[in-house]
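What follows is one structure encoded as structure tokens, with my remarks underneath.
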Amino acid sequence: MILTNVNTVPGKKIVEHFGIVQGSTVRAKHVGRDIMAGLKNLVGGELKGYTELLQDAREEAVQRMTEQARQLGANAVVNIRFATSSVAQGAAELFAYGTAVRVE
Amino acid sequence: MEIVTRYFDLIVFLALLTLGYTAGSFAERKHYASIVRREREQLTFQVMTAEAFFAEGRVKKAFLVSGSAVISIDYFKRMLAILRNIFGGRIKAYESLVDRARREAILRMKEQAIGNGAHMVVNLRLETSTIGNSANRKGKLGSVEVVAYGTAVALNPR
């Protein structure tokens, strides 16, 4: 599966369109991480736990999206966009969407 | 001893302020030094926000790369920002916060692209969001997450 966020796959030709595919996941941090982040909030700096968590979540969203694309018979997803939103307190939604295509 | 018990809240507050100020500015200086050093190392690697067009047979492979960073602000700066909210104007503390997060995210994305043998990244996009417990509470900024993503392109030798 080829993933890009440009309109085409550079070096390849799009031969078929399958429309929009999407994947999303809602994640919450566990309490331990929240407490650690709360402490880290006093001194500032990077919250590594959150960075990792969001990175994992985003990968899962992308995976769900590619799964959907594969079911449609596509071999690439172009024009991928990411979005993050905090749904409830302490939970974040990671969302990825794009256009499924077949390239040659 | 009596003074300590009477002004306990104040003492805790001042202690947190000093801790936030010293540790926070130390961490920020260190982070900026590391950002500048790594940016210099990756100076020759091209990244652009435009879509690029390549001649036929020029591209070996194209793939998605992304990098993200969650950076939080320290206690002292948060207090400064709350004061600033009363008078209005530039909040420098937050500016440096998002600046650091953005540059860090871009650096990580570049590192991933370089590590996978790419020659350039096209169509870079940046996404900023606030997360964390205090993100939604009366406009208070807890921490920001920035994700940078783009299409890495590996070229065939000419």
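Tell me the accessible surface of A:S85 in square angstrom (1.4 angstrom probe, heavy atoms of protein chains only), to the nearest ten.
Number for this one is 50 Å².
Could you tell me the relative contact order of the range B:2-155? Use alpha-carbon pairs under 8 Å, at least six residues apart, and round to a whole percent.
32
In the range A:1-17, which residues give up 10 Å² or more of accessible area once the other protein chains are added, compared with their chain alone (1.4 Å probe)?
Buried on complex formation: A:I2, A:L3, A:T4, A:N5, A:V6, A:N7, A:P10, A:G11.
Tell me, Kirkwood radius of the protein assembly as shown from alpha-carbon pair distances, in Å?
20.2
Accessible area, 1.4 Å probe, largest first: how do A:T4, B:T44 sort?
Accessible-area ranking of A:T4, B:T44, largest first: B:T44, A:T4.
For the range A:45-104 and the range B:1-48, write down the distance between their C-alpha centroids in whole Å.
So the separation of the two Cα centres works out to 32 Å.
In nm, to one decimal, how far is the modelled label at B:R84 from the one at B:L10, with both set 7 Å along Cα→Cβ?
That separation, rounded to one decimal, is 2.8 nm.
Of B:G57, B:L107, B:A93, which is farthest along the charge dipole of the range B:24-124 in the positive direction, counting Lys and Arg as +1 and Asp and Glu as -1 at C-beta?
Checked the options; the winner is B:A93.
Find the eigenvalues of the gyration tensor of the Cα atoms of chain B, then list the square roots of 5 times those eigenvalues as equivalent ellipsoid semi-axes, largest first, in whole angstrom.
Value: 43, 16, 12 Å, ordered largest first.
Show me the ranking of peptides A:35-41, A:51-57 by mean Cβ neighbours inside 10 Å, starting with the highest.
Descending mean neighbour count gives A:51-57, A:35-41.
On average, how much area does the Cα convex hull of chain A cover when viewed from any direction, in nm²?
Its Cα hull, projected and averaged over all orientations, spans 7.5 nm².
Keeping all protein chains in position, work out how much accessible area A:H17 exposes to a 1.4 Å probe, and write it in Å² to the nearest 10.
130
Across peptide B:50-62, how many C-beta atoms of other chains are within 10 Å of each residue C-beta, on average?
3
Suppose every K and R has +1 on its Cβ and every D and E has -1 on its Cβ; what is the size of the dipole of the protein assembly as shown about the Cα centre, in Debye to the nearest 20?
The dipole of the protein assembly as shown has a size of about 440 debye.
Hey, what do the phi angles of the range B:84-92 turn into as Karplus ³J(HN,Hα) couplings, whole Hz, using 6.51/-1.76/1.60 and θ = phi - 60°, x for Gly and Pro?
4, 4, 6, 8, x, x, 5, 9, 4
Summarise the accessible area of the protein assembly as shown (1.4 Å probe, protein heavy atoms) by the percent that is carbon and sulfur.
The value for the protein assembly as shown is 57 percent carbon and sulfur by accessible area.
Assuming R0 = 25 Å, can you tell me the calculated FRET efficiency for the pair A:M1 and B:I114, based on Cβ-Cβ distance, to the nearest 0.05?
With a Förster radius of 25 Å, E is 0.65.
Running a GNM on chain A with Cα contacts under 10 Å, which residue among A:L72, A:L42, A:L94 ends up with the highest mean-square fluctuation?
Evaluated over chain A, the most mobile residue of the options is A:L42.
Probe radius 1.4 Å, ligands and nucleic acids left out: can you give me the accessible area buried at the A-B interface, summed over both chains, in Å² to the nearest hundred?
Protein heavy atoms only, the A-B interface buries about 3000 Å².
Quantify how strongly other chains surround peptide A:54-65 by giving the mean number of their Cβ atoms within 10 Å of each of its Cβ atoms.
Neighbouring Cβ atoms belonging to other protein chains average 2 per residue here.
For chain A, report the accessible area per residue in Å² (1.4 Å probe, heavy atoms, rounded to an integer).
49
Report the charge-dipole magnitude of the range B:2-155 in Debye, nearest 20, computed about the Cα centre from +1 at each Lys and Arg Cβ and -1 at each Asp and Glu Cβ.
Here the range B:2-155 has a charge dipole of around 140 debye.
Under 25 Å Cα to Cα from A:K13, which lysines show up? Leave out anything in the same chain fewer than 8 places away.
B:K60, B:K61
The values are calculated or read from the model by the stated rules, or taken from the named source; none is laboratory data. Everything numeric here is computed off the predicted structure, so don't read it as measured data. Note: ideal-geometry Cβ built from the backbone for every residue, glycine included; neighbour counts use all protein chains shown. Please note that ligands, DNA and RNA were not included when accessible areas were found on the heavy atoms of the full protein model with its side chains. Shrake-Rupley method; radii C 1.70, N 1.55, O 1.52, S 1.80 Å.
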